[in-house]
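First up is the structure itself, then whatever we jot down about it.
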Amino acid sequence: MGLLQKEKNRNAAMARNSFVTRKVEGKLSVLADTFRQSAGAYCTSVEAGKLSRRLVFDGFGYLKNLDLIYNWENRFLSVNYNLQIATNIEVNDRFIETGDCAFEVEFKLKGAKWSCRRWTGTDNTAMKEGYLGRLSNPLIMDRLRELDIVDLEISHRRDQGTFYISMESMIGSATWIFIPPITNLITPRQEECVRFFELFELLGDAVVNNAADNAAADNAAAENEATGSTAADNTAAGNAA
């Protein structure tokens with residue numbers, strides 16, 4: 001998103017088994033190990049794929065696994081490997097089905113702001129506004145700034161049972177420079193890795209716990225119905241008088 005909007009690049013699986021790819025795979029392993037060490041006993045294993053690593057967790061509230069993915073972008077005399085971090089958050093008994101929905105952060109000069117990109121299946125304005133309110137929690141917005149997040153989207157499909165959360169960050173990204181041939185990695189500090197875990201936990205809590213929104217909508221509907229009934233009664237009484 002942001003000022004210069006462009007199609008998202010998701011091409012990690014298309015990378016060739018080249019010398020450059022193998023060098024970058026090494027950097028990705030270093031990155032995954034940094035996240036693993038930062039998670040401590042919560043990280044039970046790391047699974048390797050082409051330009052991707054999946055960290056498996058046990059002990060977090062919502063975070064079961066985390067995918068670290070390098071999507072590549074050719075530049076003049078260099079190749080950028082942009083870090084995508086993604087996961088699926090499972091819903092629980094505090095979740096009420098919303099139907100298809102999607103949210104994203106718009107990054108502008110005045111700051112970041114959440115917007116609803118898709119909302120189908122239920123005409124519940126209170127529930128949608130509740131999502132935007134929880135996602136705009138200062139704890140979430142602070143971490144977006146601290147972690148140099150440049151793209152963030154959340155999506156859910158009806159009856160899927162999960163929310164897909166995907167973000168991109170400058171931290172953890174890598175660049176292959178042809179002259180001189182070298183690979184640079186923006187290595188995250190341990191506290192930054194912890195901030196990423198916190199961010200996903202906060203986002204998971206924000207999207208799963210929507211039962212209060214539904215209750216608020218029911219209360220609003222009841223109040224509107226009661227107000228309408230009272231107004232009708234008053235009108236009837238006035239006419240009778």
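Can you give the Kirkwood hydrodynamic radius for region 45-132, in Å, rounded to one decimal and based on Cα pairs? Numbers along the way, then the final one.
Numbers: mean 1/r = 0.0608 Å⁻¹.
About 16.4 Å for region 45-132.
Take peptides 128-134, 177-183 and line them up by average Cβ neighbours within 10 Å, highest first, as a rough protection proxy. Kindly include the intermediate steps, with their values, before the conclusion.
Numbers: 128-134: 17.1, 177-183: 10.4.
Output ranking for 128-134, 177-183: 128-134, 177-183.
Rg over Rh of region 118-191, using C-alpha atoms and the Kirkwood radius, what does it come to? Walk me through the intermediate numbers first.
Values: Rg = 17.8 Å, Rh = 15.6 Å.
In region 118-191, Rg relative to Rh is 1.15.
With every protein chain left in place, what is the accessible area per residue of region 76-225 in square angstrom, probe 1.4 Å?
On the way: 7330 Å² over 150 residues.
Heavy-atom accessible area per residue stands at 49 Å².
Given the options GLY172, LEU109, ILE89, identify the residue whose Cα lies farthest towards the positive end of the charge dipole of region 79-181 (+1 on Cβ of Lys, Arg; -1 on Cβ of Asp, Glu).
Highest projection toward the positive end goes to LEU109.
Please turn the phi angles of region 189-205 into ³J(HN,Hα) values with the Karplus equation 6.51 cos²θ - 1.76 cosθ + 1.60 (θ = phi - 60°), one per residue in order, whole Hz, x for glycine and proline.
Karplus values, whole Hz, x for Gly and Pro: 6, 4, 5, 6, 4, 4, 4, 4, 4, 4, 4, 5, 5, 5, 5, x, 5.
Heavy atoms only, probe 1.4 Å: what % of the accessible area of region 130-221 goes to carbon and sulfur, would you let me know? Walk me through the intermediate numbers first.
Numbers: 2260 of 4030 Å².
Percent of accessible area from carbon and sulfur atoms in region 130-221: 56.
Exceeding 19 Å between C-alpha atoms, which entries from my cross-link table qualify? They are LYS8/LYS128; LYS108/LYS128; LYS8/LYS108. Mind showing how you got there, number by number?
Values: LYS8/LYS128 25 Å; LYS108/LYS128 22 Å; LYS8/LYS108 17 Å.
With Cα atoms farther than 19 Å apart: LYS8/LYS128; LYS108/LYS128.
Ignoring ligands, DNA and RNA, what percent of the 1.4 Å accessible area of region 31-116 is carbon and sulfur?
On the way: 1950 of 4120 Å².
That share works out to 47 percent.
So what are the ³J(HN,Hα) numbers for region 150-160, from phi and the Karplus equation (6.51, -1.76, 1.60; θ = phi - 60°), rounded to whole Hz, Gly and Pro as x?
Computed from phi, the couplings for region 150-160 are 10, 7, 8, 9, 10, 9, 9, 10, 3, 6, 6 Hz.
The values are calculated or read from the model by the stated rules, or taken from the named source; none is laboratory data. The model shown is predicted, which means the values in this text are computed figures rather than measured ones. Backbone-built Cβ (ideal geometry, glycine too); neighbour counts: all protein chains shown. When the accessible area is computed, the model is the full protein with side chains, heavy atoms only, and any ligands, DNA or RNA have been set aside. Shrake-Rupley method; radii C 1.70, N 1.55, O 1.52, S 1.80 Å.
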